[in-house]
Amino acid sequence: MSGIVVHLAEAGDGAPATLRLGPGQRARFGRGSSTTPVELRFADATVSRLAGEIHATDDHWQLSNFSATHSYLVQNPEGAGEYLRVPPRRAGAPIPFEFSRVVLPSRRDTPVFFQVFAPDHVYLDPRAMVGSGESRTLTAYSLDETATYFLVLVALCEPWLRDDRWPVAVPTTPQIVERLRGHAACARLTARAVSSHIDYLADEKLRVHTPAPDGAGRADRRNGKREAVVGVALKFGIIREEHLALLPRRNQPAAGR
């Protein structure tokens, strides 16, 4: 797709509005008026007459916030809770998501937002990047997706990947044991084994550093380690939505029963 598509479910006249912007084109948004024309018009009284501007480029888009007091929130509905905040008067903030949900401050119970569909991200062909042994780059995080520790990591990240609410509590060790019980390789998985896998992920695979506050108990240190592991896995895209297929179906009876 060349350019971007902007969709507003409820425009100023109550009907949906869709804009297509090619590279280099711009569209202003806000409540608008006879003296302040906008291409994307909101009906909500809390939205400024001229709230901001969208600028399409070749491979992404930029958002300018014309408000002097309010920040705008740009969410990635297809991600693991990723979002960025565009502060007041920020011009040309680059938006990295392929699909974005731009939320504006409002007094309504339901959020005021519009959606932006950007061009697909372009990736280099890994086969063309393989060089000699001397020039080969090491992988920062090398994980075996067939290993039990990887299943534990996916189960830890599952709440974020299935629910766009933020924050979400990291599953406890007993919850991980129960969640994986239906998997053929985890029928005999114990809480002690799960804790060992988390230690291995934290210390060897993801190399997270979780200094415990003074006076913190063992449970607090364990919770901090789980949260740090989940944070790295989600921020760097190590665990993604497609990995949820590795988990047993919910309410699936345990193997051998």
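Could you tell me the calculated FRET efficiency between residue 209 and residue 142, based on Cβ-Cβ distance and R0 = 25 angstrom, to the nearest 0.05? Intermediate values should be presented prior to the final figure.
Values: r = 19 Å, r/R0 = 0.75.
Plugging the Cβ-Cβ distance into 1/(1 + (r/R0)^6) gives 0.85.
I need the phi-derived Karplus couplings for region 93-105: 6.51 cos²θ - 1.76 cosθ + 1.60, θ = phi - 60°, integer Hz, Gly and Pro marked x.
My calculation for region 93-105 gives 5, x, 9, x, 8, 6, 10, 10, 10, 9, 10, 9, x Hz in order.
So if I take the alpha carbon set of region 44-109, get Rg, then get Rh from the Kirkwood formula, what is the Rg over Rh ratio? If you can, show how the numbers build up before the last one.
On the way: Rg = 12.0 Å, Rh = 12.4 Å.
My calculation of the ratio gives 0.97.
Full extension from residue 184 to residue 5: what is 0.36 nm times the residue separation minus their Cα-Cα distance, to one decimal in nm? Please report the intermediate quantities before stating the final value.
On the way: separation 179, 0.36 × 179 = 64.44 nm, distance 4.46 nm.
Going from the current span to full extension adds 60.0 nm.
Subtract the Cα-Cα distance of residue 107 and residue 73 from 0.36 nm times their separation in residues, and report this length gain in nm to one decimal. Intermediate values should be presented prior to the final figure.
Numbers: separation 34, 0.36 × 34 = 12.24 nm, distance 1.53 nm.
That pair, residue 107 and residue 73, stretches by 10.7 nm at full extension.
Amide H neighbours of residue 112 under 5 Å, at least 5 residues apart or on other chains, H built in the peptide plane: list them.
Residues meeting the amide H criterion: 104.
For region 11-123, just say rounded, prolate or oblate: build the C-alpha gyration tensor, square-root its eigenvalues into a ≥ b ≥ c, call rounded for a/c under 1.5, and beyond that prolate if a/b exceeds b/c, oblate if not.
Here region 11-123 falls in the prolate category.
Take 83, 123 and sort them by solvent-accessible surface of the protein heavy atoms, 1.4 Å probe, largest at the top.
Greatest to least solvent exposure: 123, 83.
What full-extension length gain, to one decimal in nm, is calculated for residue 250 and residue 235 as 0.36 nm per residue of separation minus the Cα-Cα distance? Walk me through the numbers on the way to the answer.
Working: separation 15, 0.36 × 15 = 5.40 nm, distance 2.54 nm.
Additional length available on full extension: 2.9 nm.
Considering only the other residues whose Cβ falls under 10 Å of the Cβ of residue 44, what net charge follows from Lys and Arg at +1 and Asp and Glu at -1? Show your work: numbers first, answer last.
Values: positive: 31, 107, 108; negative: 10.
So the surrounding residues net to +2.
The values are calculated or read from the model by the stated rules, or taken from the named source; none is laboratory data. These numbers were taken from a predicted model, which means no experiment stands behind them. Cβ coordinates were reconstructed from backbone atoms using ideal geometry, including for glycine residues, and neighbour counts include every protein chain displayed. These accessible areas exclude ligands, DNA and RNA; they are computed on the full protein's heavy atoms, side chains included. Shrake-Rupley method; radii C 1.70, N 1.55, O 1.52, S 1.80 Å.
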